[in-house]
Amino acid sequence: MELSGFLGNSGVKTALSGAFAAGRFPHAVVFQGEPGTGRHTLARLVAQALVCRDKAKAPCGSCPSCLRALAGSHPDIRVVEGKTDSGAITVEQVQELAADAQRMPDESDYNVYILSFGDRVMDAPQNKLLKLIEEPPRGAVFLLVCRRAQSLLPTIRSRAQAFQLMPPEEAEAAQWLAAHTGTAPEEARKLASLCGGNLGRMQDELENGGAKRAAETAQAIALALPGRGAHGLLAATAPLLKDRELCRQTLSRLETIFRDALVLRCGGKTLLGGAPEAADRLADLPVKQLAQLPGLAEEARQNLERNANTSLLITQFCAALREAVGRS
Ligand SMILES: [Zn+2]
């Protein structure tokens, strides 16, 4: 089993590969670890390897079985996820699974079931599952994903092989992020250090953390703009001086808040910027002043794309904003 594409966790990979090569892959495996450590990624990779047609290179990534596994449409791989609010798997879901496991695999040697347990693991569904794991139908492999194996019944644990997943080394995680998302190496290293190499959290931070900071910064700028002195605006824009990405996202959000304020001022109601309080306060300004603001934000954003010096750009932007609202 070729698992080198999965970062870190060399002991886990060696054990899984060894068992597969020896033809004694366990019929029940637990992948435990914190969210973001790649539990589901590894479960999917193992499932793909089990159905792959090229046993020597499994998962080869290019045979029809691998392609279907990658597309999530392989008939011998089933993913069971909790349907309840707490993410818990229900008795009915395990019953369906039990019925399904009695059939012969459609295309491969295995019926692979990935069971993704939420934070709450109920006893009743586990007891149903236990019967299945005690006397597994031929070819059935159960890959259980959870945060802590301790949350599973001891009877399940004793019949499954559990593997603890850990984040890879921070340097390795940073390198992966830079290569796969185009994040600048310096930024990738910062994220790796912030998240302790947890790739899931790094990606989440990259996608949402930046967006959240940008939303907060844009709102602070919009709220500070009508103030009398220049100090409030300078303080609100300070986080942008050294962070180009934050600057780009904040300017874009600010443009929307400015447009919202103009819409409100003109009697409209549809707001897009997600900062109604700031838009509302700006809407007290005269239309003539307000109308200039979106263009200023857009111009600053374009200058940023043209690689202008960030701190100079922000200083000029603040001056232009204050002039537009008659505060210079
Ligand atoms: Zn393959």
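Quick look at the numbers
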| read-out | value |
| --- | --- |
| Given charges at beta-carbon only (K, R positive; D, E negative), |dipole| of the chain in Debye | 220 |
| Selected from N111, V121, A283, residue furthest toward positive end of dipole (the chain; charges at beta carbon) | A283 |
| Under 15 Å, Cβ to Cβ, from P294 - net charge with Lys/Arg +1 and Asp/Glu -1 | +1 |
| Principal-axis tilt of helix 310-324 within the chain, Cα atoms, nearest 10 degrees | 50 |
| Cross-link table K83/K131; K212/K269; K13/K131; K13/K57; K83/K128; K212/K242, entries beyond 26 Å C-alpha to C-alpha | K13/K131 |
| Dipole moment magnitude, nearest 20 debye, segment 198-324 about Cα centre, only Lys, Arg, Asp, Glu C-beta charged | 200 |
| Taking the chain and dividing mean pair separation by its residue count, relative contact order in percent (alpha carbons under 8 Å, at least six apart) | 15 |
| Separation of alpha-carbon centers, segment 245-322 and segment 125-153, rounded to whole Å | 55 |
| Cα-based equivalent ellipsoid of segment 10-166: semi-axis lengths in Å, sorted from largest, via gyration tensor | 23, 18, 15 |
| Cβ-based charge dipole, the chain, positive-most Cα from L223, G209, S4 | L223 |
| Formal net charge of residues neighbouring G227 (Cβ-Cβ distance under 12 Å; K, R +1; D, E -1) | +4 |
| Among C66, T310, T183 the positive-end extreme of the charge dipole of the chain (Cβ point charges) | T310 |
| Cα-centre dipole for segment 105-256 with unit charges at Cβ (Lys and Arg positive, Asp and Glu negative), debye to 20 | 560 |
| Span from the segment 38-89 Cα centroid across to the segment 92-106 one, whole angstrom | 16 |
| Rough spin-label spacing in nm, given labels placed 7 Å along Cα→Cβ, for E96 and N309 | 6.2 |
| Residue-count net charge about A28 - beta-carbon cut-off 10 Å; Lys, Arg +1, Asp, Glu -1 | +1 |
| Between 0 and 90°, nearest 10: helix 185-194 axis offset from the chain longest Cα axis | 70 |
| Mean separation of Cα contacts under 8 Å, 6 or more apart, over the residue count of segment 77-166: relative contact order % | 31 |
| Amide H contacts of L115 (H built 1.01 Å from N, under 5 Å, at least 5 apart or other chain) | V80, L143, L144, V145 |
| Where N is the number of residues in the chain, Cα Rg divided by 2.2 N^0.38 Å | 1.34 |
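Just so you know, all these numbers are worked out from the coordinates, no wet-lab data involved. Not measured: the values here are computed from a predicted model. Cβ coordinates were reconstructed from backbone atoms using ideal geometry, including for glycine residues, and neighbour counts include every protein chain displayed.
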